[in-house]
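Read through the structure below, which is laid out as structure tokens, and then see the notes.
Derivation of every value follows stated rules applied to the coordinates shown; laboratory data play no part. Keep in mind that this is a model prediction, so the values were computed, not measured. Because the Cβ atoms are built from the backbone with ideal geometry, glycine has one as well, and the counts that use them run over all protein chains shown.
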Amino acid sequence: MAEFRQNSSGVWQQAFAGDVFNTAVYLKRLSAETGVAFASTTGKDMLSQQLRQYCERVSLDIRWLKSHESRSCGLYFIQTDEQGERQFSYYRERSAARTLVQQFTAADWCAISEQTDWVFYSAITLSILSAEDRKRFIEHLMRLRRQGVKLAFDTNYRASLWESCDSARTWVYCAIDNSDLVFAGTEDMAGILNCPAITAKQLANELAELSVPELVLKAGKEEVGLLVDGDYLTFAVEPVSKVVDTTAAGDSFNAGYLAALLNGQPLSERVQWAKTLAAQVIQYPGAIIPESAMPTMVPNKSDHQHG
Ligand code: ADP
């Protein structure tokens, strides 16, 4: 999506962002040797063209970035009010990305099966699809999984994008149950479960009956939980003293985790890379921090018990 953010002088600044897009950009930065493709649909409008150029500039593979004839790039505007609260306005009802399932041919799915090891998507991906496309999308992903592609999913929940909370719960549980790796945010899941709050441990118990090989529980600055092979592990988060903007905290966390996993790192290092990048990202405004501000990840070669 194209992001428009008003700075303190009232000037609008434009960037590109979106949850899986942010994860793709950060993953590529952390893991230059990994091929990272951004699969979606843009329009043919000016912003869509610039988004495509941006992807190429940051070395994202756009072989599965389709373009729709008449629809255009989704937009959102962020303004900060006098109390410092951020307000978002979305213009995405007719975005090109909503048609992504219709753009992908059987040959594309076949190529994805042959040319990728992992597919990562989120509850936002599901939310913007029609009910019929959502069903087709999940069926395609399940077929990919049977063909050996691993699936990673994030429970990113935006209530306004769903027709109902019940529908969100049904689809998110279906996605979780059919994934190899799941990132579940406690705030997102509290919304989906329609409860005021849930801890990482409670969420692990709630999701334990679903068959997820690697479940990562994100609870903001409280903790990170992992449920792997029936074992529950917990990791402390060192709180950042001056949080500037939490946009993309979860997206960058996912990228850090995935980069470490693809690098063959053990569970504790996956969490460490994830926390380190997220802690840095929240000290800068906007979703994508300057490349010069990226932390350096040092691969740990000594402990590969879960690699
Ligand atoms: P999501 O945005 O997906 O719901 P969280 O809000 O849990 O995810 O944040 C993702 C990660 O960002 C956390 O797991 C943590 O590592 C990091 N994080 C978030 N807030 C803070 C904070 N105040 N201090 C340090 N790290 C934080």
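Below, the figures for the structure above:
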{"read-out": "Extension gain from Cys165 to Gln102, taking 0.36 nm per residue of separation minus the Cα-Cα distance", "value": "20.2 nm"}
{"read-out": "Diffusion constant of the stretch 200-307 at 37 °C, which comes from Stokes-Einstein with the Kirkwood Cα-pair radius and 0.692 mPa s, µm²/s", "value": "227"}
{"read-out": "Cross-link pairs Lys66/Lys150; Lys28/Lys275; Lys135/Lys218 - those with Cα-Cα distance over 20 Å", "value": "Lys66/Lys150; Lys135/Lys218"}
{"read-out": "Convex hull (Cα only) mean projected area of the stretch 241-293, reported in nm² to one decimal", "value": "3.6"}
{"read-out": "At q = 0.12, 0.13, 0.14, 0.20 Å⁻¹, base-10 log of I(q)/I(0) for the stretch 1-146 (Debye sum, equal scatterers on each alpha carbon)", "value": "-0.54, -0.63, -0.72, -1.34"}
{"read-out": "Overall Cα dimensions of the stretch 176-235, principal axis frame, Å, largest first", "value": "28, 23, 15"}
{"read-out": "Only Lys, Arg (+1) and Asp, Glu (-1) charged, at Cβ; the chain dipole about Cα centre in debye", "value": "700"}
{"read-out": "Cβ crowding within 10 Å averaged over residues, with 159-171, 239-251 ranked highest first", "value": "239-251, 159-171"}
{"read-out": "Debye equation applied to the C-alpha atoms of the chain, log10 I(q)/I(0) at 0.11 Å⁻¹", "value": "-0.66"}
{"read-out": "Contour excess over end-to-end distance, with Cα ends at Glu132 and Trp12 and 0.36 nm allotted per residue", "value": "39.5 nm"}
{"read-out": "Backbone HN-Hα couplings from phi across the stretch 37-52 [Karplus 6.51/-1.76/1.60, Hz, Gly and Pro as x]", "value": "9, 9, 9, 6, 9, 9, x, 10, 6, 4, 5, 4, 5, 5, 4, 4"}
{"read-out": "Tyr173-Gln280 pseudo-label distance in nm [points 7 Å out on the Cα-to-Cβ vector]", "value": "3.9"}
{"read-out": "Cα-only radius of gyration and Dmax that characterise the stretch 1-82, units Å", "value": "13.9, 44"}
{"read-out": "Radius, Kirkwood style, for the stretch 115-158 when every pair of distinct Cα atoms is counted (Å)", "value": "11.0"}
{"read-out": "Protection-proxy order for peptides 224-230, 102-108, 200-206, 213-219, each taking the mean of Cβ atoms within 10 Å per residue, highest first", "value": "213-219, 200-206, 224-230, 102-108"}
{"read-out": "If the convex hull is drawn through the Cα atoms of the stretch 132-262, its volume per residue in Å³", "value": "124"}
